[in-house]
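Student: Have a look at this one.
Nothing in this text is a laboratory measurement; each read-out follows from the coordinates by a stated rule. Remember, it's a predicted structure, so these values are computed and weren't measured experimentally. Note that we place each Cβ from the backbone using ideal geometry, even for glycine, and neighbour counts take in every protein chain shown.
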Amino acid sequence: MPKIKNEKSKKNETISSRNQLVTSVKKLYNQSAPLLICEALLFGVAAIFMLVKPVAILTALTFVIGVALVLFGLYRTIAGFIVSNDVSGGWFDVVFGLVNVVLGVLFCIYPVGSVISLVYIFVLLFLFKSLRALIFSINMIHAKFGHYWFDLIMSIILIALAVFLLFYPVAGAVVMVYYLAITLLLYSAADVYMYIELLRLKKLV
């Protein structure tokens, strides 16, 4: 009799643990599946729209940045006035906030020019980094150390790309939109894959 009771007890524990597993998987599926589907659809549609209308996305993105700068500038300006009334030294926040407001208004009024200005700033930083890489590769050639020829070729390619973007800044902005679109497509594909795996797990249990 004790042996039969032990077997029944083990069987009940197995059934109980299996029921808990099934409940957990169903709960995970019910919570995660709708979110994964919505994310995949949202990212996929946004990515396709970016690939089809990159200029419109740039304009909208610039407007959003402009609004954010205006709100941030107003916050810093008001905070600066409050601080300056209590303690001296808040005028820097006021000036900084007003500058952000002006920049935000310019972003909203002149979206294309603002995007091109941003691209020029990033391209100049990129060109500076490329020139540093070129100097480093030349030093490595003199020292006969490391993969200096590979470093030299890569630095020359980076400088050529930076010079190209200086003459064609809009192309650089469009490329950034395409890069973001491809990233969103990858996120969408990952969500679809996770949904399929969850569906298989649910059917398995």
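Student: If I take R0 = 30 Å and measure r between the Cβ atoms of His142 and Phe167 in this structure, what FRET efficiency does the formula 1/(1 + (r/R0)^6) give, to the nearest 0.05?
Tutor: Computed FRET efficiency for His142 and Phe167 comes out at 0.40.
Student: Whole-Hz Karplus ³J(HN,Hα) for segment 177-191, in order, using 6.51 cos²θ - 1.76 cosθ + 1.60 and θ = phi - 60°, x for Gly and Pro?
Tutor: 5, 4, 4, 5, 5, 5, 4, 5, 5, 5, 4, 4, 5, 5, 5
Student: Now for a separate question. Need the full-extension length gain, Phe92 to Ile116, defined as separation in residues times 0.36 nm minus the C-alpha distance. One decimal, nm.
Tutor: Working it through step by step, the gained length comes to 5.8 nm.
Student: Additional query: Suppose R0 equals 22 Å; then what is the FRET efficiency for Ala60 and Leu124 from their Cβ-Cβ distance, rounded to the nearest 0.05?
Tutor: 0.30
Student: A follow-up question, please. Residue by residue through segment 51-67, what is 3J(HN,Hα) from phi via Karplus (6.51 cos²θ - 1.76 cosθ + 1.60, θ = phi - 60°)? Round to whole Hz and write x for glycine and proline.
Tutor: Per-residue couplings from phi come out as 5, 7, 10, x, 5, 4, 5, 4, 5, 5, 5, 5, 5, 4, 4, x, 4 Hz.
Student: For segment 72-205, what is the relative contact order in percent, using Cα pairs closer than 8 Å and at least 6 residues apart in sequence?
Tutor: Normalised by residue count, the contact order of segment 72-205 is 17 percent.
Student: Taking a ≥ b ≥ c as the square roots of the Cα gyration tensor eigenvalues, with a/c under 1.5 meaning rounded and otherwise prolate when a/b beats b/c, else oblate, which class fits segment 163-205?
Tutor: Because a/c hits 1.5 or more and a/b exceeds b/c, segment 163-205 counts as prolate.
Student: Here's something else I'd like to know. Report the calculated FRET efficiency for Ile135 and Tyr179 (r = Cβ-Cβ distance, R0 = 35 Å), to the nearest 0.05.
Tutor: Efficiency at R0 = 35 Å is approximately 0.80.
Student: Say each of Ser24 and Ile82 gets a label point 7 Å from the Cα, pointing the same way as Cα to Cβ; how far apart are those two points in nm?
Tutor: 4.7 nm
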